[in-house]
1. If we scan the range 531-549, do we find a residue that is outside any loop (DSSP other than H, G, I, E, B), at pLDDT below 90 and in contact with a Pro (Cβ under 8 Å, 6 or more places away or on another chain)?
2. Kindly indicate the residue of the range 153-171 that is touching a Leu at 6+ places or on another chain (Cβ under 9 Å) and acidic (Asp, Glu) and also nearest to Ile402 (Cα to Cα) among those meeting that condition.
3. Return the only residue of Tyr193, Tyr174, Tyr180, Tyr205 being open to solvent by 60 Å² or more (accessible area, probe 1.4 Å), aromatic (Phe, Trp, Tyr) and in a helix (DSSP H, G or I).
4. Quick one: in the range 428-453, of everything that is of a type in the set (A, V, I, L, M) and crowded, with 18+ Cβ neighbours inside 10 Å, which residue is farthest from Thr18 (Cα to Cα)?
5. Just to be sure I understand the filter: pairs with C-beta atoms under 8 Å, separated by 6 or more residues or on different chains, first member in the range 34-58 and within 19 Å of Ser529 (Cβ to Cβ), second member among the charged types (D, E, K, R) and surrounded by fewer than 21 Cβ atoms within 10 Å (Cβ to Cβ). Which pairs pass?
6. Only residues that are out of contact with any Gly (no Cβ under 8 Å at 6 or more places or on another chain) and at pLDDT below 90: list them for the range 358-378, please.
7. What number goes with the only condition from (1) charged (D, E, K, R); (2) assigned to a helix (DSSP H, G or I); (3) farther than 15 Å from Glu324 by Cβ that Lys243 does not pass?
8. Among the residues of the range 436-491, which ones are part of a helix (DSSP H, G or I), closer than 20 Å to Glu511 by Cβ and among the aliphatic types (A, V, I, L, M)?
Amino acid sequence: MADNKFPSPHEIEAIPGTEGWERMYPYHYLFTTKDKERKEYEENAFWFNDALHYPEPMYPFDIIWDEAWFLALSQFNTRIFMIPPALGIDHRIINGNVYITPVPVTDPEEVQKRIPLFMERAGYYYENWDKLQDQWEDKMKGIITDLDNIPIDPLPDMEDISVVKNGLGTSSGYELLKNYDKLIDLGILCWQYHFEFLNLGYASYVTFVDFCSKAFPDMPLQKITQMVAGIDVLLYRPDDELKKLAKLAIELGIDSQIGDDTKDVEVVIPELAGSENGKKWITAWDEAKNPWFNISTGTGWYHQDVSWNDNLNVPLSSIRIYIEKLKQGKSIDRPLEAVKAERKKLIKEYRGLLKTDEDRQTFDQLHGTSELVFPYVENHMFYVEHWFHSVFWNKMRNVASIMKEHQFIKDTEDIWYLSRSEIKEALWDVVTSWATGTKGYGPLHWPEEIEWRKGIYKKFKENRPTPAVGTPPEVIAEPFTIVLWGITNDSMAAWAKLKEIGDPDKVNEIEGFAGSPGVVEGIARVCRSVEDIGELKEGEILVAPTTSPSWAPVFQKIKGVITDVGGIMCHAAIVCREYGMPAVVGTGQATAIIKSGMKIKLNGDTGRVYIER
């Protein structure tokens with residue numbers, strides 16, 4: 001590993017006791033030696049673990065979103081916008097963990113052929129960005145409404161008489177199959193829309209980064225990203241709503257009734273309803289719920305990432321944090337003006353270093369485009385990963401309730417151990433046995449299979465996956481890989497160094513990306529989920545696989561953030577810059593090396609973390 005070599009994907013063996021795990025996932029996700037051409041391709045490509053999106057192994061159903069973006073991202077790169085140097089991103093799975101590899105355009109002549117096609121197609125979007133983005137928002141709101149309106153109803157013992165008198169000609173069984181198909185189709189369609197703008201947004205950002213890196217060779221990447229910071233985006237609105245509710249509670253004099261985290265929301269709301277001011281606050285609370293409480297407590301990629309609307313104690317707890325800070329006389333607002341001032345200062349400083357009018361004009365154009373596209377790069381997450389996904393997971397739980405009623409699964413949460421195609425197959429079993437008045441075969445098959453899969457998944461979670469497999473390029477130059485995933489030659493060298501050390505208790509220094517400026521020292525708190533977030537204490541440094549927008553209120557408590565995954569343009573880095581929070585991202589294994597209670601130093605200017613042992 002000293003020379004950054006990684007194992008062949010075909011050398012990774014199944015974890016003992018998980019033999020046969022492959023049937024849990026799509027067959028085309030598997031590495032194979034059956035075909036010589038495919039085997040050589042897989043061994044010569046560089047596959048890295050996509051822990052940015054999936055810090056945990058995939059459940060068989062949850063991989064639907066990976067399949068969706070496998071198609072969507074790749075098609076927009078390869079077939080729609082014809083991005084000159086890049087085709088799609090290929091996907092595989094090893095022991096439940098997703099590995100991906102960008103597919104480049106290797107023929108220089110082909111790159112040149114694609115340039116005018118890209119300029120025409122992407123140019124149309126850039127020139128009409130605002131109009132097309134408005135259309136995009138309408139499309140997203142439309143499919144979320146369609147999703148909300150899909151009925152997933154239990155199968156009746158007898159159809160209503162209206163089926164006869166209206167000459168309907170179909171049954172509830174047929175409707176269940178049809179509506180399940182519609183549910184899945186809307187999920188895939190949502191992700192088609194997800195990438196309509198996203199690649200272009202990142203492409204313009206990357207182009208600006210590339211220009212600045214060449215014009216100012218000594219300029220830290222972090223400074224470039226600060227030039228597009230301080231732009232208000234929709235993704236911060238849920239947190240802003242909580243701040244407004246905290247301020248309103250104090251203004252109305254009902255803050256003491258909101259209490260502390262020992263008081264459940266089911267107790268708080270009825271108590272507040274007993275006064276006029278309490279009723280005013282409840283009205284504001286209810287108005288904020290839709291859509292702003294459709295924010296996931298995690299990244300939204302996993303079914304267990306419930307939304308604030310699913311657990312109203314989560315936003316209420318955050319409101320309490322803000323009330324406490326306000327009563328201490330502290331500001332709870334994002335340091336937006338300071339971030340904007342720094343942005344203006346950096347733009348003026350570096351633009352002034354350019355020697356020609358042509359360079360200044362190019363700088364202005366690229367920077368202007370980056371500012372234009374930046375809101376979408378963040379806002380799409382609210383509509384897709386948070387709002388749509390939150391509604392979608394609960395619709396699937398309605399499907400699970402029907403399967404549980406018919407004894408196909410023991411618990412509604414067992415449904416996630418089935419793939420979407422297996423669920424469709426099982427639903428056919430459900431409706432045909434319902435239709436014929438017989439017992440389906442599913443109760444004899446699925447509960448036993450699910451118990452086996454639970455055991456497999458448990459072993460997957462206990463295993464720490466290799467960060468990469470295959471053959472790394474001599475120089476990693478693919479821009480998305482660097483700025484989003486944080487995969488560079490330096491990060492590979494850091495992985496190799498940690499591998500050589502072996503014992504995480506012997507590691508005293510960790511390298512990552514300088515995500516957000518600032519140097520802080522404090523006590524570490526390792527948090528892997530929203531449940532862990534509740535353990536954060538004042539003045540601690542958050543160490544996590546990644547962060548969620550719904551964690552923003554805890555920024556009032558902490559000194560800094562360290563993540564396992566991500567580059568300078570990952571969401572965690574962007575949010576930390578917006579909140580003025582020092583951060584190091586893309587450390588690779590911080591959550592495995594750092595333990596809660598350790599004293600650490602975080603340098604957000606250099607991307608280094610020091611552990612005091």
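1. To start, the set of residues in the range 531-549 that are outside any loop (DSSP other than H, G, I, E, B) comprises 531-533, 541-544, 549.
The next check asks that each one be at pLDDT below 90; those that pass are 531-533, 549.
Adding the requirement that they be in contact with a Pro (Cβ under 8 Å, 6 or more places away or on another chain) leaves 549.
Yes, that holds for at least one residue.
2. It comes out as Asp153.
3. Details: Tyr193 fails: open to solvent by 60 Å² or more (accessible area, probe 1.4 Å); Tyr180 fails: open to solvent by 60 Å² or more (accessible area, probe 1.4 Å); Tyr205 fails: open to solvent by 60 Å² or more (accessible area, probe 1.4 Å).
None of the others qualify; the one that does is Tyr174.
4. Within the range 428-453, the first condition is being of a type in the set (A, V, I, L, M), and the residues that meet it are 430-431, 435, 444, 450.
Applying the additional criterion that residues be crowded, with 18+ Cβ neighbours inside 10 Å yields 430-431, 450.
Values: Val430: 29, Val431: 32, Ile450: 13 Å.
If we take residues in the range 428-453 being of a type in the set (A, V, I, L, M) and crowded, with 18+ Cβ neighbours inside 10 Å, then Val431 is farthest from Thr18 (Cα to Cα).
5. Listed pairs, sorted by first residue: Pro55/Arg528; Glu56/Lys461; Pro57/Lys461.
6. Within the range 358-378, the first condition is being out of contact with any Gly (no Cβ under 8 Å at 6 or more places or on another chain), and the residues that meet it are 358-372, 375, 378.
Answer for the range 358-378, where residues must be out of contact with any Gly (no Cβ under 8 Å at 6 or more places or on another chain) and at pLDDT below 90: Pro375, Glu378.
7. Lys243 satisfies every listed condition except (3).
8. Within the range 436-491, the first condition is being part of a helix (DSSP H, G or I), and the residues that meet it are 436, 442-462, 479-483, 489-491.
Narrowing the set further to residues that are closer than 20 Å to Glu511 by Cβ leaves 481-483, 489-491.
Scanning the range 436-491 gives Ile482, Val483.
The values are calculated or read from the model by the stated rules, or taken from the named source; none is laboratory data. Here the structure is a predicted model, which is why all the values come from computation and not from measurement. Methodologically, a virtual Cβ is constructed for each residue, glycine included, from the backbone with ideal geometry; neighbour enumeration extends over all protein chains shown. Only protein heavy atoms, including side chains, enter the accessible area calculation; ligands, DNA and RNA are left aside. Shrake-Rupley method; radii C 1.70, N 1.55, O 1.52, S 1.80 Å.
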